[in-house]
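The values are calculated or read from the model by the stated rules, or taken from the named source; none is laboratory data. Nothing here was measured: the structure is a model prediction, and the numbers come from that model. Cβ placement follows ideal geometry from the backbone for every residue including glycine, while neighbour counts extend to all protein chains displayed. The accessibility values were calculated without ligands, DNA or RNA, using every heavy atom of the protein model including side chains. Shrake-Rupley method; radii C 1.70, N 1.55, O 1.52, S 1.80 Å.
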Amino acid sequence: MAKNPILFSHVLSGAPDPDGPTDIAAALRDDRLAWAHLDGTNPSAQSWIREELDYLDPQAVEALLDVDTRPRMSVVGDGLLVILRAINFNEGEDPEDMVSLRMYLDTRRILTISRKRVRAVERMNVGLREGTGPLDASAFLVRLTEDIVGNINAFQSELDTHAEALEDRVFGGQGDHVRHDVLDLRLKVIAARRYLGPQRDALIKVSQAQSPIIDAVTRREIEEEAFKMTRIAEDMDELRDQAQLLREELSSQLSDRVNRNTFVMSVVTSMFLPLGFLTGLFGVNLGGMPGLQSPIAFEALVVICAILVIAQLGIMGLWRWLNQRKSR
């Protein structure tokens with residue numbers, strides 16, 4: 001026997017909650033304002049929706065069962081099809097890998113479906129069970145949207161705080177230890193940002209929708225959440241640019257370090273090149289080499305090498321001084 005795909009179900013109008021899948025299907029059909037939340041990974045979810053909710057528009061059914069979704073909103077008959085993304089709080093998964101929540105709402109029924117746990121839905125379930133939940137579809141949509149947007153805002157604030165800490169460390173000379181953290185921040189921002197723009201647009205469309213469940217109060221409240229999503233998306237854009245700037249600064253610091261090391265090696269090489277030439281020249285075992293019979297020949301060669309080193313240092317210092325004057 002197939003496992004029941006319904007995770008939560010409630011009647012929002014104050015009547016007793018549905019008792020079993022059959023009563024849930026009946027509540028979604030009659031005048032009771034009922035809500036059912038389904039597990040999208042359950043193999044029987046698709047057949048249950050198509051059999052028990054055959055009165056829904058085929059477009060809405062297809063969107064509710066779609067595996068790959070992006071935030072959107074469509075007016076379907078007297079109802080709304082709303083797909084949003086929420087922060088992923090599931091254990092072992094990345095928060096920026098946002099989970100999809102599909103919703104169909106009209107004045108008589110609410111159907112939600114997700115393929116992973118959505119904490120906002122679980123909190124809604126607890127509120128309805130404790131008698132503190134919404135009493136109509138408009139309030140349901142507003143509360144769920146506020147919960148989702150609030151968690152996205154908190155996630156963005158955490159990223160912002162983390163980015164400021166990384167910036168202090170990078171410009172404070174600790175870039176060697178935060179290279180991986182900067183890359184991780186950039187990837188998180190990019191992953192989350194791809195959903196924020198479409199989600200903002202979806203909420204704007206919800207606030208502008210002509211539907212029985214979007215009254216004046218609901219419209220203003222959804223507009224406010226759309227404004228918040230706009231600000232979050234803009235802040236994410238700034239974070240993305242900030243992460244890119246930090247990445248470029250780290251690359252610049254690494255390049256400067258390599259250039260300094262290369263310069264030092266070049267100086268050392270140029271210092272020892274003439275010395276190596278002299279020692280190699282005087283090291284040949286051929287007749288006629290000057291100083292072979294002189295007891296002070298070695299000391300003279302050492303003095304000549306020292307004078308050569310001092311002369312090189314003087315030339316390099318003069319060259320650097322002239323370059324500094326030209327750059328002024």
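Brief remarks on what is shown
- R179 being within 30 Å of T107 (Cβ to Cβ) and basic (K, R): no
- Residue in segment 102-109 that is surrounded by 20 or more Cβ atoms within 10 Å (Cβ to Cβ), over 22 Å from D31 (Cα atoms) and modelled with pLDDT of 90 or more present: yes
- Checking every residue in segment 71-81 against the condition of being open to solvent by 30 Å² or more (accessible area, probe 1.4 Å), touching a strand residue (DSSP E or B) at 6+ places or on another chain (Cβ under 7 Å) and within 30 Å of V189 (Cα to Cα) gives at least one match.
- Inter-residue pairs, beta-carbon under 6 Å, first open to solvent by 50 Å² or more (accessible area, probe 1.4 Å) and in segment 303-317, second not polar (S, T, N, Q), 6+ apart: L308/P274
- Residue that is most open to solvent (accessible area, probe 1.4 Å) [pool: residues in segment 46-69 that are under 30 Å from R193 (Cα atoms) and touching a strand residue (DSSP E or B) at 6+ places or on another chain (Cβ under 7 Å)]: Q59
- Segment 54-80 residues that are farther than 21 Å from T41 by Cα, paired with ones that are among the charged types (D, E, K, R) (beta carbon under 7 Å, 6 or more apart): M73/K205; V76/D57; G77/D57; D78/D106; G79/D106
- Listed conditions (1) open to solvent by less than 40 Å² (accessible area, probe 1.4 Å); (2) modelled with pLDDT of 80 or more are all met by T41, apart from (1).
- When L135 is tested against (1) of a type in the set (A, V, I, L, M, F, W, C); (2) assigned to a loop (DSSP other than H, G, I, E, B); (3) within 18 Å of the chain's Cα centre (by Cα), just one condition goes unmet, and that condition is (3).
- Restricting segment 99-138 to residues that are touching a residue at least 60 places away in the same chain (Cβ under 8 Å) and small (G, A, S), the residue that is nearest to A191 (Cα to Cα) is S114.
- Looking only at residues of segment 238-271 that are open to solvent by 90 Å² or more (accessible area, probe 1.4 Å) and among the charged types (D, E, K, R), we find that the one that is nearest to I190 (Cα to Cα) is R240.
- The criterion of being closer than 30 Å to A34 by Cα, out of contact with any Cys (no Cβ under 6 Å at 6 or more places or on another chain) and open to solvent by less than 70 Å² (accessible area, probe 1.4 Å) does not hold for A165.
- Candidate set: segment 182-201, residues that are of a type in the set (D, E, K, R) and open to solvent by 50 Å² or more (accessible area, probe 1.4 Å); chosen: the one nearest to the chain's Cα centre (by Cα): K188
- Any pair with Cβ under 9 angstrom, 6 or more apart, that starts in segment 36-49 at a residue that is of a type in the set (S, T, N, Q) and ends at one that is part of a helix (DSSP H, G or I) and open to solvent by 20 Å² or more (accessible area, probe 1.4 Å): N42/W48; Q46/L65
- Test: residue in segment 39-53 that is under 18 Å from D23 (Cα atoms), within 32 Å of the chain's Cα centre (by Cα) and among the aliphatic types (A, V, I, L, M): yes
- Checked across segment 121-130, the condition of being touching a His at 6+ places or on another chain (Cβ under 9 Å), modelled with pLDDT under 90 and within 17 Å of S9 (Cβ to Cβ) holds for at least one residue.
- Residue that is farthest from L101 (Cα to Cα), among those in segment 178-216 that are hydroxyl-bearing (S, T, Y) and out of contact with any helix residue (DSSP H, G or I) (no Cβ under 7 Å at 6 or more places or on another chain): S211
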